[in-house]
Amino acid sequence: MQKKLLKDLSILYVEDEEDVRRNAVEYLKRIAKEVMEAKDGKEAIAVWRDKKPDLIITDINMPKLNGLDLARYIRSKDQDVQIIIATAYTDTDYLMNAVELNLVKYLVKPITKEKLMGALSQSVEKIRDLRKFSVALSESCSYNAYSQCIECSDEQIKL
């Protein structure tokens, strides 16, 4: 069941190191429905607005807009998207800032396949739980009883 649900996911992978990003995207394309990529937080916001992925995996340390600020911005607009932070930082300040963002996981690099699959499985479970509370109102609008929001196209109305 998990594999099928993973195949239904759209993932945005955000990483400024090109080789790391390319390898991760190549792997993720084998297990997910759609994989988008961005090289920094600002580019990621544009992709998120346009594509509305189910899951975002982001590095913390990036130019223009770091991963925590990216997650903070997205959380202010969208409580449902799953966010995984991947980083080399184990600093307590980073961890404390990450806690308030309702992340799925804070993965410390190097990221193994096992760690990544564990985080993806947690994301699938959360998405499955959130979908139980969603009711379609029209082709472009839905109501989520859990988050108490009406979503129409790319607008979210908190009730």
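Considering only residues that are over 21 Å from Ser10 (Cβ atoms) and polar (S, T, N, Q), look in the range 114-159 and name the one that is modelled with the highest pLDDT.
Per the stated criteria, the residue is Ser138.
When Leu6 is evaluated against the numbered criteria (1) under 20 Å from Ala119 (Cβ atoms); (2) part of a loop (DSSP other than H, G, I, E, B); (3) hydrophobic (A, V, I, L, M, F, W, C), which criterion, by number, is the only one it fails?
With (1) under 20 Å from Ala119 (Cβ atoms); (2) part of a loop (DSSP other than H, G, I, E, B); (3) hydrophobic (A, V, I, L, M, F, W, C) applied to Leu6, the lone miss is (2).
Cβ-Cβ under 9 Å, sequence separation 6+ or interchain: first residue in the range 38-59 and within 13 Å of Asp78 (Cβ to Cβ) and touching a residue at least 60 places away in the same chain (Cβ under 8 Å), partner loosely packed, with under 15 Cβ neighbours inside 10 Å and not small (Gly, Ala, Ser). Which pairs?
Arg49/Lys77; Arg49/Asp154; Lys52/Asp154; Asp54/Asp8; Asp54/Lys33
Conditions (1) closer than 26 Å to Tyr143 by Cα; (2) modelled with pLDDT of 95 or more; (3) within 16 Å of the chain's Cα centre (by Cα), marked per residue:
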| site | (1), (2), (3) |
| --- | --- |
| Leu9 | yes, no, yes |
| Glu15 | no, yes, yes |
| Ala32 | yes, no, yes |
| Arg72 | yes, no, yes |
| Lys77 | yes, no, yes |
| Thr112 | no, no, no |
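Thr90 fails exactly one of the following numbered conditions: (1) open to solvent by 60 Å² or more (accessible area, probe 1.4 Å); (2) modelled with pLDDT of 85 or more. What is the number of that condition?
(2)
The values are calculated or read from the model by the stated rules, or taken from the named source; none is laboratory data. Just so it is clear, the model here is predicted, and its values are computed rather than measured. Virtual Cβ from ideal backbone geometry, glycine too; neighbours counted across all protein chains shown. We work out accessible area using only protein heavy atoms, side chains counted, and drop any ligands, DNA or RNA first. Shrake-Rupley method; radii C 1.70, N 1.55, O 1.52, S 1.80 Å.
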